[in-house]
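*Asks:* Okay, here's the structure, questions in a sec.
Bear in mind these aren't lab numbers, they're just calculated from the coordinates by the rules spelled out. Values in this document were obtained by computation on a predicted structure and should not be read as measured data. Cβ placement follows ideal geometry from the backbone for every residue including glycine, while neighbour counts extend to all protein chains displayed.
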Amino acid sequence: MNQRIYRFLPQLDYDEAMMLEQMTQSLSDEAMQNFAGIYAARRKDAQMILLLALLGFVGLAGVHRFVIGQIGMGLLYLLTAGLCFIGTIVDLINHKQLAIEYNQKAAREVLMIVSSYNK
């Protein structure tokens, strides 16, 4: 794997770095620096999603869904106590996948912004 992605975004785990490397391989170093700055501000860490999902057991179910932009699911979790805690438990197990899906979407959006800026 090329170490370029870690030069700009050292906090990434291996799976996220591989995904981003494939997406950004055609960017120049200047464009990559712009991408990294915007993406770092938008990405969500899987551990943060896990901690927010744990709030579902103390009455704040769905906060993690609000944070990742799933407002409808967040409201549903909030009004149904995390779908009677079953949804919260499933999200605790799948917290990494929730973060990866959100980060992929954010990376595509940032890539479009950076690509349009550099044209």
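*Asks:* Find the percent of Cα-Cα distances in the chain that exceed 16 Å, and round it to a whole number.
*Replies:* Looking at the chain, the distances longer than 16 Å represent 60 percent of pairs.
*Asks:* Between the DSSP loop rule and a limit of at most 10 other Cβ atoms within 10 Å, which chymotrypsin sites (Phe, Trp or Tyr not before Pro) in region 54-115 are left? Could you put the intermediate results ahead of the total?
*Replies:* Values: sites: F57, F66, Y77, F85, Y102; in loops: F85.
For chymotrypsin sites (Phe, Trp or Tyr not before Pro) across region 54-115 that sit outside H, G, I, E and B with at most 10 neighbouring Cβ atoms in 10 Å, the list is empty.
*Asks:* Right, something else. Could you please rank T24, T80, placing first whichever residue has the fewest other Cβ atoms within 10 Å of its Cβ?
*Replies:* Ranking T24, T80 by Cβ neighbours within 10 Å, fewest first, gives T80, T24.
*Asks:* How high is the relative contact order of region 13-119, given as a whole-number percent (alpha carbon pairs under 8 Å, six or more residues apart)?
*Replies:* Reported relative contact order: 33 percent.
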